[in-house]
């Protein structure tokens with residue numbers, strides 16, 4: 001590229017230590033002429049993407065041409081060929097600059113993406129930016145140019161290599177220069193590599209991989225020799241999913257079952273190897289423990305084995321495994337009951353960030369269970385942390401905090417019904433049934449600052465009732481018994497059916513309601529014997545009014 005001799009002087013970095021020859025450096029991108037210094041160590045810096053060939057006098061064979069170990073000259077045999085312009089040249093010989101053994105040649109891409117002919121050469125070294133253009137040095141300022149168009153890269157003293165400017169008093173700034181156009185593209189740059197294989201292939205979405213025999217085999221071959229245990233664990237989990245889905249529509253289901261059993265056996269083998277051999281993989285230990293505790297993958301239920309695996313994973317600071325160890329020690333599953341050890345592992349799991357453990361630890365400190373003294377301040381702190389990372393599996397802390405803030409004259413937290421409603425809403429939206437029922441109640445009776453709104457009340461009750469909550473089912477029975485104009489038509493049959501569903505779950509209020517419906521004949525044929533049976537079931541739960549009601553019916557029947 002022709003030198004821009006008519007341009008303003010380039011801003012450069014150069015060493016000024018009284019010996020202009022000792023550390024003279026050349027431009028990074030200018031097409032420099034041949035240069036020799038009578039004893040210079042860094043004669044004609046080889047960072048130039050299209051530099052001329054240095055012809056040193058050999059006074060220092062480590063850095064002069066032809067004898068370099070880490071040569072930065074045009075003719076040295078550098079270990080990293082991307083840093084010199086024309087590898088293998090003899091003194092005085094110029095080959096096509098920028099195309100060296102490890103640079104951009106016509107057959108392969110650059111192995112060590114450094115400073116080749118293309119100003120857009122991708123770099124794996126963050127100090128040397130890969131996306132900006134460079135400008136040649138002006139005559140007389142062939143030092144380190146101030147590459148202001150390299151944000152966060154280049155030799156900017158504020159960027160990747162601050163020590164060059166900030167710590168070395170000999171490194172000085174040259175005069176400023178106006179920004180000029182970068183190097184023009186030359187043959188063989190990235191923009192003209194039509195010889196590369198540009199055939200497009202459809203990428204596989206690994207979040208939804210195909211479940212076919214062909215892909216299973218491809219996956220198996222791909223991970224062979226891979227030392228990463230996480231890769232093998234992902235493969236094992238894929239096999240488990242594949243065993244559920246492969247061959248669903250095949251005609252020969254017997255062969256399909258056999259193949260599925262083979263996949264499960266292979267998955268179990270991989271997981272066992274990861275969990276027990278060498279440096280055991282904690283995720284595999286936790287997964288295998290879950291299988292032992294629940295009998296998945298055809299394993300026999302073995303709580304002691306499960307506890308041992310949980311404990312081994314917990315020793316590697318696996319958060320969920322630490323929580324499971326705490327649960328086992330609290331309940332005495334797979335080991336003896338040990339409340340103190342359970343509390344210690346709850347605290348460890350919570351400290352490791354397990355949401356369920358944070359909630360459990362907060363509740364223990366709030367109630368003083370497991371032999372621990374009450375500590376409401378710390379308890380609220382853990383509940384708040386659990387609420388911050390609440391999800392569909394762990395919404396409990398939101399509900400508990402809502403109950404605390406709902407409580408009037410609370411000595412634990414500030415009474416704030418609006419905030420309590422917000423917490424209940426967040427938990428209800430995550431699918432937490434008690435919060436859904438709580439909101440149904442609030443909109444039915446105008447609690448927590450909510451307006452009386454039958455539509456919203458019925459909607460929240462319905463969400464909870466559909467998940468089997470007996471309180472919500474009984475509440476829906478009441479709404480159907482009265483109806484709501486424009487929202488819900490009155491229906492004795494629906495009222496009876498919803499109450500019956502709740503009563504069958506053992507809710508005493510619902511049992512009494514069913515007895516009353518049978519006595520009066522609401523939604524069901526009037527039947528006193530039927531009513532007495534339900535009243536007796538409710539009375540067995542020591543509800544005084546029900547006992548009186550049963551006695552009254554016995555007197556009327558006799």
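When we screen 378, 388 for residues that are surrounded by fewer than 21 Cβ atoms within 10 Å (Cβ to Cβ), outside the structural domain of residue 449 (by TED's automatic domain parsing) and under 25 Å from the mean Cα position of the chain (by Cα), the only hit is 388.
Would you call residue 325 part of a loop (DSSP other than H, G, I, E, B) and either out of contact with any strand residue (DSSP E or B) (no Cβ under 7 Å at 6 or more places or on another chain) or modelled with pLDDT of 95 or more (or both)? When the stated conditions are applied, residue 325 does not pass them. Taking the residues in segment 392-403 that are in contact with a helix residue (DSSP H, G or I) (Cβ under 7 Å, 6 or more places away or on another chain) and more than 17 Å from residue 323 (Cα to Cα) as candidates, determine which candidate is surrounded by the fewest Cβ atoms within 10 Å (Cβ to Cβ). Ranking the candidates gives 400 first. For residue 304, the criteria (1) more than 29 Å from the chain's Cα centre (by Cα); (2) closer than 14 Å to residue 240 by Cβ hold in every case but one, which is (2). Selection of segment 517-555 for residues being modelled with pLDDT of 90 or more and surrounded by fewer than 17 Cβ atoms within 10 Å (Cβ to Cβ) yields 520, 521, 525, 526, 527, 528, 529, 530, 533.
Do the conditions hold for residue 241, that is, is it part of a helix (DSSP H, G or I), exposed (fewer than 10 other Cβ atoms within 10 Å of the Cβ) and at pLDDT 90 or above? When the stated conditions are applied, residue 241 does not pass them. For segment 415-430, residues that are in contact with a helix residue (DSSP H, G or I) (Cβ under 7 Å, 6 or more places away or on another chain), part of a loop (DSSP other than H, G, I, E, B) and over 15 Å from residue 450 (Cβ atoms) total 1.
Considering only segment 488-526, state which residues are on the phi > 0 side of the Ramachandran plot and under 45 Å from the mean Cα position of the chain (by Cα). Answer for segment 488-526, where residues must be on the phi > 0 side of the Ramachandran plot and under 45 Å from the mean Cα position of the chain (by Cα): just 506.
For segment 244-279, filtered to residues that are assigned to a loop (DSSP other than H, G, I, E, B) and crowded, with 18+ Cβ neighbours inside 10 Å, the residue that is modelled with the lowest pLDDT is 247. Here is a list: 489, 454. Which entry is surrounded by fewer than 22 Cβ atoms within 10 Å (Cβ to Cβ) and in contact with a strand residue (DSSP E or B) (Cβ under 6 Å, 6 or more places away or on another chain)? The unique qualifying residue is 454.
Would you check if residue 502 is out of contact with any helix residue (DSSP H, G or I) (no Cβ under 8 Å at 6 or more places or on another chain), at pLDDT 95 or above and assigned to a helix (DSSP H, G or I)? No, not satisfied. Looking across segment 334-373, the residues that are within 20 Å of residue 305 (Cα to Cα) and in a helix (DSSP H, G or I) come down to 341, 342, 345.
The values are calculated or read from the model by the stated rules, or taken from the named source; none is laboratory data. Note that the structure is predicted; figures quoted are calculated from it, not measured. With ideal geometry, Cβ positions are generated from the backbone for all residues, glycine too; neighbour counts draw on all protein chains shown.
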